[in-house]
Amino acid sequence: MRAATGASAPVPRLLGRLPGVGRRPPDEGSTTALDLAVRRRLLLALSALLTLSLFLSYDGVHGDANPLRTSSAPAVLAIDTALYALDEAQADATATPPSLSEFQKQISVAAQSLSRAAAGDVGGPAGRQAVQTVSGLITGYTGMVQKAQAEPAGSVLREAYLSYATSLLKAGDAGIEARLRELQREQLAAVGRQTSFGPLLWLGWSVAALLVLALGAALAETQLFLRRRFRRRYNRQLIATGALSAAGFGALLMFTVWTHQGMADTRTLLDGASPGPDIPDAGRHTASYLAHTGFRAAASVWIVIGGVLLMVLTEAGLRPHINDYRFRPR
């Protein structure tokens, strides 16, 4: 089959000047080899850029889903539980008559909640230190209440112990509740950062969408070029490349929308004031919002595998034609 001659298309002519593409033949010679090399390099470059852009954009959303599910959201709810339990404990301690058994029960709930928050690495080293400080203060608070209960009802000493216990719980910025609320604000700020879809993510996904369109256009143009030069109607490998890039991008976009919606719902739930009895329901809702995020986050590995497959399919589709039109590089 005789190669077509004449001036090549504007885009290949421009890209043909890139380093390493090869030497352009004289105007009266065949440009098929050069045009094939240019298209091959363009498709491989677009595939690599699309893979990198998708990986970074996808991981930017899904990389925060697991810490939110396993650490940040449970920590906020655990602190909520501890605050509610301490309020109940204070009510039991100051009731008439006081209920020491209920008091101890609520203190145990608060302590267990703080242990769960600490186990989730709440706030990093500073957060763990804050939790330890609060735990020590709760121990002191409990001791004061127990001493008060050991004194006769209405005695001055009993009132003094209860007053000191109340100051430990509620006094200013140094009280137990104030420290817990500050720790909770820090955790809510972390939740806000983890669930934010900021300008960089918008830029990343916009670039990925443009690269998908550019790759699709380049594949279509290459398919038409091969059909015109080689009289072959379809190139199965290039069609597979286009289908894989479109289907992969669509699936990843759908996974990202699901994950981000679950994260946004979680943030809305945690930002709202959760009454104590409703905290278990809030935990169940949070777990349902963030279900399957770990599975979807694992798809980032398949982005790399898919990118390699795109390049392999491109190479397999064009290499036989390039081998038929070898030329000597500059």
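Of note:
- Only one entry of Leu203, Leu215, Leu219 meets the criterion of being open to solvent by 70 Å² or more (accessible area, probe 1.4 Å), under 30 Å from Ile303 (Cβ atoms) and not in a loop (DSSP other than H, G, I, E, B), and that entry is Leu203.
- Filter pass, Gln90 being in contact (Cβ under 8 Å) with a residue 24 or more places away in the chain and over 34 Å from the mean Cα position of the chain (by Cα): yes
- For Ala208, the requirement of being assigned to a helix (DSSP H, G or I) and either open to solvent by 30 Å² or more (accessible area, probe 1.4 Å) or over 24 Å from Glu102 (Cα atoms) (or both) is met.
- Here the range 105-127 is the region considered, the condition is being crowded, with 16+ Cβ neighbours inside 10 Å and without any contact (Cβ under 8 Å) to a residue 24 or more places away in the chain, and the residue that is nearest to Thr166 (Cα to Cα) is Gln106.
- Residue within the range 94-108 that is closer than 19 Å to Met263 by Cα, assigned to a helix (DSSP H, G or I) and not acidic (Asp, Glu) present: no
Okay, residues lined up against (1) within 30 Å of Thr32 (Cα to Cα); (2) touching a Ser or Thr at 6+ places or on another chain (Cβ under 7 Å):
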{"residue": "Arg236", "(1), (2)": "yes, no"}
{"residue": "Ser245", "(1), (2)": "yes, no"}
{"residue": "Thr256", "(1), (2)": "no, no"}
{"residue": "Gly262", "(1), (2)": "no, yes"}
{"residue": "Thr268", "(1), (2)": "no, no"}
{"residue": "Arg284", "(1), (2)": "no, no"}
{"residue": "Val312", "(1), (2)": "yes, no"}
{"residue": "Leu318", "(1), (2)": "yes, no"}
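- Helices (runs of 4 or more DSSP H) wholly inside the range 226-330 that include at least 3 residues being modelled with pLDDT under 85 and in contact with a Lys or Arg (Cβ under 9 Å, 6 or more places away or on another chain): 300-324
- Arg39 being open to solvent by less than 30 Å² (accessible area, probe 1.4 Å) and either of a type in the set (Lys, Arg) or not in a helix (DSSP H, G or I) (or both): yes
For every residue, the table says whether it meets (1) surrounded by fewer than 16 Cβ atoms within 10 Å (Cβ to Cβ); (2) in contact (Cβ under 8 Å) with a residue 60 or more places away in the chain.
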position: Tyr141; (1), (2): no, no
position: Met144; (1), (2): no, no
position: Ala171; (1), (2): yes, no
position: Ile176; (1), (2): no, yes
position: Arg181; (1), (2): yes, yes
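The values are calculated or read from the model by the stated rules, or taken from the named source; none is laboratory data. Being a predicted model, the structure only gives us computed values, none of them experimental. With ideal geometry, Cβ positions are generated from the backbone for all residues, glycine too; neighbour counts draw on all protein chains shown. Ligands, DNA and RNA are stripped out before the accessible areas are found, and what is left, the full protein with its side chains, is counted by its heavy atoms. Shrake-Rupley method; radii C 1.70, N 1.55, O 1.52, S 1.80 Å.
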